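This report concerns only the one structure given below.
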């Protein structure tokens, strides 16, 4: 019997493969993290444990059980509706958005790219007002700066334009 025809808790086994693969990779990452000293492993181990909790929720939400359907409705209500087909042009545009923000990060750095990307995405995809776009972009940039520069004390890449190495 083909793997796509076999079912577990009402859902095809293939539905579980992405989350199961990520869980295996996360467990390997967690095992490596515990090889470090206590101070060094704190962040990677914390990320791995959070990832495992999220993957457990993902796996449970994929089941065709009462709990699975409740989790899906609560955590991802958009998934309840069948996905709409996307045109090839829309798919290419989505890839170009990601490539654009990556190029922007290389050129002007993280703190330069985040507000531009968030503003553009909320303006053109979210169709929000100019004030809302500015506020969300400023808030996202502040959060990135606060998390990485202040809390984690990590220098963010400044970009090639502002002295970053290639």
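See the values below:
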quantity: Subset of region 148-166 that is surrounded by fewer than 12 Cβ atoms within 10 Å (Cβ to Cβ) and part of a helix (DSSP H, G or I) - its residue that is modelled with the highest pLDDT; calculated: 161
quantity: Filter result for residue 14 (modelled with pLDDT under 90 and under 25 Å from residue 63 (Cβ atoms)); calculated: yes
quantity: Of all residues making up region 99-144, the number that are assigned to a helix (DSSP H, G or I) and under 21 Å from residue 165 (Cβ atoms); calculated: 14
quantity: Region 49-89, residues that are over 20 Å from the mean Cα position of the chain (by Cα), part of a helix (DSSP H, G or I) and surrounded by 11 or more Cβ atoms within 10 Å (Cβ to Cβ); calculated: 67, 68, 69, 70
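The values are calculated or read from the model by the stated rules, or taken from the named source; none is laboratory data. This is a predicted model, so every value here is computed, not measured. So basically every Cβ, Gly included, is an ideal-geometry build from the backbone, and we count neighbours across all protein chains shown.
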